[in-house]
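Taking it in order: structure first as structure tokens, then the write-up.
Nothing in this text is a laboratory measurement; each read-out follows from the coordinates by a stated rule. If you're wondering where the values come from, they're calculated on a predicted model, not measured in any experiment. Note that we place each Cβ from the backbone using ideal geometry, even for glycine, and neighbour counts take in every protein chain shown.
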Amino acid sequence: MSFNRIAFCYDSLARMVFGDAIRRAQVHFLFYIPPNAHILVVGGGTGWIIDEIWKRKQETTFVYIDISSEMIRRAKKLVREQYPTHMQNIEFRTGSLDLLTDTDTFDVVITPFFLDLFTSAQLPGISQRLISVLKQKGIWLFTDFHLPPSQPMRTVATLLIRTMYLFFRVVTHISAKKLPNFDLYFPSDTFTLQEKQYFYMNIIQTKIFLKIV
């Protein structure tokens, strides 16, 4: 799986299809981030979310993981240009969740359109790894696609999401072929759902989960 080939146009592609809904969804619950939080961002892409968080919470620190070296390069460039005095407050890691160590712990985990890249067979391990590094009373900011329950939007969303999966399977070689049931990976004995919001005709969802154990 590699997003290097489309890193230069990734944000533009998202805006072309969804307008500003992708960004609005990701920033909607940023006010939940506590002061002085240590944040894990997985699959953050070109790094614009760093800017949005530091506009609101300058004192936060990050570990920023992305599989794409080109996405990481662009995120580093953004930080150097806009927050040159904050470079020591963010650690960039190029690769998978295997880069997380046993000593990593976070107040906040952010997964923007990340879990949809994986199959239902892969997701339990990914979810458990992220749960293991999130502190008790930590928050998980989850944003991803969603199939509306009612017609005709469910049919529209299904066709759109199938098309996106076909595109990304060809271009980036992702494993997934369909949208998983995300609720399975936020078990009720581990998390409580604090709030949720939907965007773009309910095709995009964002949720805040509180880790209770």
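Details
- When shorter helices are ignored and each DSSP H run of at least 4 residues is given -39500 (n - 2.57), the per-residue value for the chain at 222 nm works out to -10000 deg cm²/dmol.
- Multiplying the residue separation of Ser150 and Ala14 by 0.36 nm and subtracting their alpha-carbon distance yields 46.5 nm.
- Cα gyration tensor, the chain - rounded (a/c under 1.5), prolate or oblate: rounded
- Rounded to 5, percent antiparallel among DSSP beta bridges of the chain: 45
- Under 25 Å between alpha carbons - lysine pairs in the stretch 4-211 that sit 8 or more apart or on different chains: 24
- Residue order for Ile65, Ile212, Ile110, Ile22, fewest other beta carbons within 10 angstrom first, comes to Ile212, Ile22, Ile65, Ile110.
- Measuring nothing but how far apart in sequence close Cα pairs (under 8 Å, 6+ apart) lie, relative to its length, the chain scores a relative contact order of 23 percent.
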